[in-house]
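**Student:** The structure under discussion is supplied below as structure tokens; questions concerning it will follow.
Coordinate-derived values only; no laboratory data. It should be emphasised that the depicted structure is a prediction, and the values quoted were computed from it without experimental measurement. When we count neighbours, we look across all protein chains shown, and the Cβ atoms used for this are built from the backbone with ideal geometry, even at glycine.
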Protein chains: 2
Amino acid sequence: MGKISVVKQVLDANDRIAQENRAVFDAKSIFVINLMSSPGAGKTTLVEKTISALRGRYRIGVIEGDIQDTYDADRIAALDIPVVQINTGGGCHIDANMVREAMAGLDLDAMDFLINENVGNLVCPAEFKIGENAKVMILSTPEGADKPSKYPLMFHESKVLLINKMDLAPYVDFDLEKARRDALAINPDLVIFEVSCKTGKGLQEWFTWISNQIEDYQKSRM
Amino acid sequence: MGKISVVKQVLDANDRIAQENRAVFDAKSIFVINLMSSPGAGKTTLVEKTISALRGRYRIGVIEGDIQDTYDADRIAALDIPVVQINTGGGCHIDANMVREAMAGLDLDAMDFLINENVGNLVCPAEFKIGENAKVMILSTPEGADKPSKYPLMFHESKVLLINKMDLAPYVDFDLEKARRDALAINPDLVIFEVSCKTGKGLQEWFTWISNQIEDYQKSRM
């Protein structure tokens, strides 16, 4: 059995389970995002800010994917939001089967919006569907504007890109126009927001966009 | 055939090829490093600075690992240093077989020090030996001080950790003591340098350390 055959079988099995997860989410009208980025780009802080902004309007749940431990899940649990931790045990991404197991630990009948925070990795998570409505990615300015061209798959697969740590842009010579241009060359439909999770700048546009997505989805389920 | 069996077979085959690579490097007394980090932590800039500092003393070659394209290899080639590009075609790390193929494109009889720059990924590259003398990793301050605890394998496998972008530390609330403490808890023998590839601060200690490593190795081969 060749290496490529094995990988394809793994991905096919994953896609099938992702479709099953999606059917469960649709039955309960839950809008689901798969949040991806490099390590330290600001995923957990974005989740915290998004919960604070939208918790009055939607019932939110979180699945936290990490290689080990519960640092991020502890941060979310401190907000009194239902959260389940996936420990991948060395694995570099979450997959549909891990999410299926985590779903068993959430009250899906009391949820409108489920955020899956993936393992910090700009490569592998983009290959694995989990049953999400949308893949959401973060690129932080210290990573550099060459990242869309060098790691194209995640930019290709994502519906929205948040360019985070805009407050650091002056200190890191971040070429915003190059990042935007290269990302849009890979994915012309990509929605891009320039934000700083630290200062809050630009986040309102993200909150409005994701709220509209949730409401359009909920209407489509009626 | 279970998933774990497949992975183990892949790693066993990789280790065998890594040993064969190592035998070739030893026959030619080439000191080899495997440079790893998250995307955008500063690997290519560190390679450029290290070449500038040590090219008068050692004959240096570079293998550049990227998912696609030749951006980083172009930067190294501009320094008039022999460089071979590995394109992983979506793959999230370089492995021993890719390095073996790249070695065919280098004049190993005219080389003392070979730098392998891995794909930007804090997870997967640490699992794959390539025949290196030492794994070298970078953590950049904007990624945050929680990274050793969250991504322990690379810190465990590396001989040296460069904490880069120290010039940004004041803007990103980087807890240097926590990063050092947690990294050393995972790997008590880890050698740690605090550097800024942008300003040059701290790099002399790295140049001295790597020079000593190269010379100790060359003496051991006589």
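**Student:** Is there a simple number for the mean count of other chain Cβ atoms within 10 Å of the Cβ of residues in B:143-154, and what is it?
**Tutor:** The per-residue average across the peptide is 5.
**Student:** Let me ask something else about it. In Å, what Kirkwood hydrodynamic radius results for the protein assembly as shown from the alpha-carbon pair distances?
**Tutor:** 22.7 Å
**Student:** Give the order of A:VAL195, A:VAL10 when sorted by the count of other beta carbons within 10 angstrom, beginning with the fewest.
**Tutor:** Taking fewest neighbouring Cβ atoms as first place, the list is A:VAL10, A:VAL195.
**Student:** List the distances, in nm to one decimal, from the label point of B:ALA13 to the label points of the same position in every other copy, shortest first, placing each label point 7 Å from Cα along the Cα-to-Cβ direction.
**Tutor:** Distances to the matching label points in the other copies: 1.8 nm.
**Student:** When Cβ neighbours within 10 Å are restricted to other protein chains, what is their mean count per residue of peptide A:87-98?
**Tutor:** 2
**Student:** A further question follows. For chain A, what does the helix formula give at 222 nm: sum of -39500 (n - 2.57) over DSSP H segments with n ≥ 4, over the residue count, nearest 500 deg cm²/dmol?
**Tutor:** -13000 deg cm²/dmol
**Student:** Could you tell me the ratio Rg/Rh of the stretch A:123-222? Both radii from Cα atoms, Rh via Kirkwood.
**Tutor:** Reported Rg/Rh (Cα atoms, Kirkwood Rh): 0.99.
**Student:** Residue by residue through the stretch A:126-141, which ³J(HN,Hα) values in whole Hz follow from phi under the Karplus form 6.51 cos²θ - 1.76 cosθ + 1.60 (θ = phi - 60°), with glycine and proline marked x?
**Tutor:** 5, 7, 10, 6, 10, x, 6, 6, 8, 8, 10, 10, 10, 10, 9, 4
**Student:** Please label the shape of the stretch A:98-148 as rounded, prolate or oblate, based on the square roots a ≥ b ≥ c of the eigenvalues of the alpha-carbon gyration tensor (a/c under 1.5 means rounded; beyond that, a/b larger than b/c means prolate, else oblate).
**Tutor:** Because a/c hits 1.5 or more and a/b exceeds b/c, the stretch A:98-148 counts as prolate.
**Student:** May I pose another question? Run through the other copies and list how far each one's label point is from that of B:MET222, in nm with one decimal, shortest first; the point sits 7 Å from Cα along Cα-Cβ.
**Tutor:** In nanometres, ordered from closest: 8.4.
**Student:** Using Cβ contacts closer than 10 Å as the measure, can you line up B:LYS159, B:LYS135, B:LYS165, A:LYS219 from fewest to most?
**Tutor:** Ranked by crowding around the Cβ, least crowded first: A:LYS219, B:LYS159, B:LYS135, B:LYS165.
**Student:** May I ask which residue of A:VAL83, A:MET103, A:SER38 lies farthest towards the positive end of the charge dipole of the stretch A:8-121, with charges of +1 (Lys, Arg) and -1 (Asp, Glu) on Cβ and the Cα centre as origin?
**Tutor:** About the Cα centre, the residue reaching furthest to the positive side is A:SER38.
**Student:** So, one more: For a label point 7 angstrom out from the Cα of A:ILE81 toward its Cβ, which stretches of the stretch A:54-75 have the backbone nitrogen within less than 18 Å?
**Tutor:** Within reach of a label on A:ILE81, which here means backbone N under 18 Å from a point 7 Å along Cα→Cβ, the stretch A:54-75 contributes A:54-66, A:70-75.
**Student:** Neighbour counts of other C-beta atoms within 10 Å: give me B:GLU117, B:GLU132, A:GLU101 arranged from fewest to most.
**Tutor:** A:GLU101, B:GLU132, B:GLU117
**Student:** Sorted from largest down, give the three principal axis spans of the alpha carbons of chain B, whole angstrom values.
**Tutor:** That works out to 52, 45, 36 Å along the principal axes.
**Student:** Shape of the stretch A:75-183 from its Cα gyration tensor (a ≥ b ≥ c, root eigenvalues): rounded if a/c is under 1.5, otherwise prolate when a/b > b/c, or oblate?
**Tutor:** The shape class here is prolate.
**Student:** Holding the Cα-Cα limit at 32 Å, pick out from A:LYS159/B:LYS135; A:LYS150/B:LYS8; A:LYS198/B:LYS129; B:LYS28/B:LYS178; A:LYS8/B:LYS178 the pairs that are longer than that.
**Tutor:** Result: A:LYS159/B:LYS135; A:LYS198/B:LYS129; B:LYS28/B:LYS178; A:LYS8/B:LYS178 exceed 32 Å.
**Student:** Could you give me the ³J(HN,Hα) list for the stretch A:170-185, computed from phi with Karplus coefficients 6.51, -1.76, 1.60 and θ = phi - 60°, whole Hz, x at Gly and Pro?
**Tutor:** Taking θ as phi minus 60°, the curve returns x, 8, 10, 6, 6, 8, 4, 5, 5, 4, 5, 5, 5, 5, 6, 5 Hz for the stretch A:170-185.
**Student:** B:VAL160's amide H: which non-local residues (gap 5+, or another chain) put their own amide H closer than 5 Å, with H modeled 1.01 Å from N in plane and none for Pro or chain starts?
**Tutor:** The answer is B:MET137, B:VAL191.
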